[in-house]
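Worksheet: one structure, shown below.
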Amino acid sequence: RKEVEQDPGPFNVPEGATVAFNCTYSNSASQSFFWYRQDCRKEPKLLMSVYSSGNEDGRFTAQLNRASQYISLLIRDSKLSDSATYLCVVNSLNFNKFYFGSGTKLNVKP
Amino acid sequence: ETGVTQSPTHLIKTRGQQVTLRCSSQSGHNTVSWYQQALGQGPQFIFQYYREEENGRGNFPPRFSGLQFPNYSSELNVNALELDDSALYLCASSYGAEVSYEQYFGPGTRLTVT
């Protein structure tokens with residue numbers, strides 16, 4: 001079983017839509033969680049950390065569900081510029097190992 | 001821009017050769033992690049260096065090795081290159097080695113092995 005799993009998508013949504021992605025992780029002792037976005041043939045860019053209490057940054061909201069071992073990312077009022085691949089990152093039980101999901105592709109259409 | 005730089009941008013090598021990739025961390029960051037990203041996949045953690053010592057390693061063979069220098073820049077060395085080593089190699093820097101610290105990526109080195 002992979003450490004981190006994501007639905008590869010693509011999610012095709014119109015501008016202005018609300019879209020949500022989930023990312024499941026296998027290790028219940030995981031401690032830190034992040035969302036990154038990656039544009040085609042570019043490096044991943046940090047979008048937000050995911051805290052136990054959840055966090056919000058403008059149109060983006062991240063949640064952590066430890067009981068079901070998943071993190072989520074909600075994007076409201078989607079923009080064309082949100083089109084990218086969204087990667088979740090989870091640390092492992094063994095200190096200092098970071099696991100990336102394979103990413104979820106989002107296409108926002110006019 | 002994150003301030004993390006990598007060189008070279010692109011590289012073509014032949015199977016069996018050796019390669020060295022370089023990374024300069026963002027100012028104020030003392031930790032560098034290296035990742036391999038194959039096409040269509042997420043980055044795979046190779047290892048992390050903190051204060052010039054290896055501080056965590058993923059499931060990569062010993063022919064993947066690294067160094068960190070006193071100025072916190074880092075090198076990734078790959079010996080006996082194989083075709084499957086063709087990928088984008090990313091380094092990420094962070095302040096401190098705690099797993100809660102956010103990592104910032106450089107633009108990557110695209111390695112092609114023929």
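The values are calculated or read from the model by the stated rules, or taken from the named source; none is laboratory data. Keep in mind it's a predicted model, so treat the numbers as computed, not measured. Glycine gets a Cβ as well: all are built from the backbone with ideal geometry, and neighbour counts include every protein chain shown. Areas reflect the complete protein model, heavy atoms only, side chains present, ligands, DNA and RNA absent. Shrake-Rupley method; radii C 1.70, N 1.55, O 1.52, S 1.80 Å.
Here are a few things to note about the model shown:
- Condition check for B:Tyr101: outside any helix (DSSP H, G or I), open to solvent by 10 Å² or more (accessible area, probe 1.4 Å), within 14 Å of another protein chain (Cβ to nearest Cβ) and of a type in the set (Phe, Trp, Tyr): yes
- Across the stretch B:21-50, the qualifying residues are those that are touching a residue at least 40 places away in the same chain (Cβ under 8 Å) and exposed (fewer than 13 other Cβ atoms within 10 Å of the Cβ), and the one among them that is nearest to B:Thr114 (Cα to Cα) is B:Leu39.
- Total residues in the stretch A:44-61, condition open to solvent by 20 Å² or more (accessible area, probe 1.4 Å) and not in a strand (DSSP E or B): 5
- Candidates A:Ser26, A:Ser32 - the one that is closer than 15 Å to A:Val89 by Cβ, free of Cβ contacts under 8 Å to residues at least 60 places away in the same chain and in contact with a Lys or Arg (Cβ under 7 Å, 6 or more places away or on another chain): A:Ser26
- Considering the stretch A:1-43, and only residues there that are polar (S, T, N, Q) and not in a loop (DSSP other than H, G, I, E, B), the residue that is nearest to A:Gln63 (Cα to Cα) turns out to be A:Asn22.
- Within the stretch A:87-109, the set of residues being more than 10 Å from chain B (Cβ to nearest Cβ) and at pLDDT below 95 comprises just one member, A:Leu93.
- Filter result for A:Tyr36 (within 11 Å of chain B (Cβ to nearest Cβ), within 27 Å of B:Ala38 (Cβ to Cβ) and modelled with pLDDT of 95 or more): yes
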